[in-house]
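What follows is a set of notes on a single structure, which appears directly below.
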Amino acid sequence: MQKITKPQKALRHHLFFALFAMLMAGLAWAGPKEDIKAAYERKDYKLVVKMVNPLAIEGEAWAQRGLADAYILGQGVVQDYAEAAKWYRFAAQQGDESAQLNLGNLYSKGQGVVQDYVKAHSWYQLSTVNGFTGAVKNRDIVAKQMTPQQIGDAQKLALDCQARQFKGCD
């Protein structure tokens, strides 16, 4: 069993509170909200994934991000960064700022995708524009690894993506 790193613990914590907040906000779920919350609290991650997966497939951005989080952490599924990138991308293209941040993280580290600072910077910028101010720090860190031309390319990519309302971005 792999040791869980501090960023993974933070992501797990984030996932729990995101799921909890969604439950409390009254978002539509395919099954009883209480069952999903109870399964997560029991650490029955396979059941949580089973209940969230159909909603992710149907296009619910929050469910897509939650499924991606599960793949990052290996909760209820085998850890798979490429699969996480796929689900983060779906949610990010719907304007989900947390998914945009997390997709930027994957591009920055080359986890599940080919490392690409231009795409990382672009997704961080989009996340920032959409209200996730924590993405500014990540964007600025990755910018230190980039040339001025690459930064310009990333900014153009983000503007183009925003103009298309995130359709076909990446």
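The values are calculated or read from the model by the stated rules, or taken from the named source; none is laboratory data. Since this is a predicted model, take the numbers as computed values, not measurements. So basically every Cβ, Gly included, is an ideal-geometry build from the backbone, and we count neighbours across all protein chains shown. Each accessible area value is taken on the protein alone, full model and side chains, heavy atoms only, with ligands, DNA and RNA left out. Shrake-Rupley method; radii C 1.70, N 1.55, O 1.52, S 1.80 Å.
Working with all protein chains in place, sort Val52, Val129, Val136 by solvent-accessible area computed with a 1.4 Å probe, largest first.
Highest to lowest solvent-accessible surface, that is Val129, Val136, Val52.
What accessible area per residue comes out for segment 75-170, rounded to a whole number of Å², with a 1.4 Å probe?
Accessible area per residue: 49 Å².
Using each residue's phi in segment 79-89, evaluate 6.51 cos²θ - 1.76 cosθ + 1.60 at θ = phi - 60° and report the 3J(HN,Hα) Karplus result to the nearest Hz, with x for Gly and Pro.
So the J values, rounded to whole Hz, are 4, 8, 5, 5, 5, 4, 4, 4, 6, 4, 4.
Please work out how much length the chain gains when fully extended from Val129 to Asp44, using 0.36 nm per residue of separation minus the C-alpha to C-alpha distance, in nm with one decimal.
Separation in residues times 0.36 nm, less the Cα-Cα distance, equals 27.1 nm.
Give the shape of segment 32-131 as rounded, prolate or oblate, defined through the alpha-carbon gyration tensor: a ≥ b ≥ c are the square roots of its eigenvalues, a/c under 1.5 means rounded, and otherwise the shape is prolate if a/b is larger than b/c and oblate if not.
Cα axes put segment 32-131 in the prolate bin.
In segment 84-170, what is the volume of the convex hull around the alpha carbon atoms, normalised per residue and reported in Å³?
Each residue corresponds to 73 Å³ of Cα convex hull volume.
Select from segment 56-143 those GluC sites (Glu not before Pro) which occupy a DSSP coil region and have at most 15 other Cβ atoms within 10 Å, ordered by residue number.
Counting only loop positions with at most 15 other Cβ atoms within 10 Å, the GluC sites (Glu not before Pro) in segment 56-143 are Glu58.
Could you give me the ³J(HN,Hα) list for segment 92-100, computed from phi with Karplus coefficients 6.51, -1.76, 1.60 and θ = phi - 60°, whole Hz, x at Gly and Pro?
Working through the residues one at a time gives 4, 6, 9, x, 6, 5, 5, 5, 5 Hz.
Would you mind getting me the FRET efficiency between Lys137 and Asp80? Use the beta-carbon distance for r and R0 = 41 Å, nearest 0.05.
It comes out at approximately 0.95.
Rank these residues by their accessible area, most exposed first, probe 1.4 Å: Thr128, Thr147, Thr133.
Thr133, Thr147, Thr128
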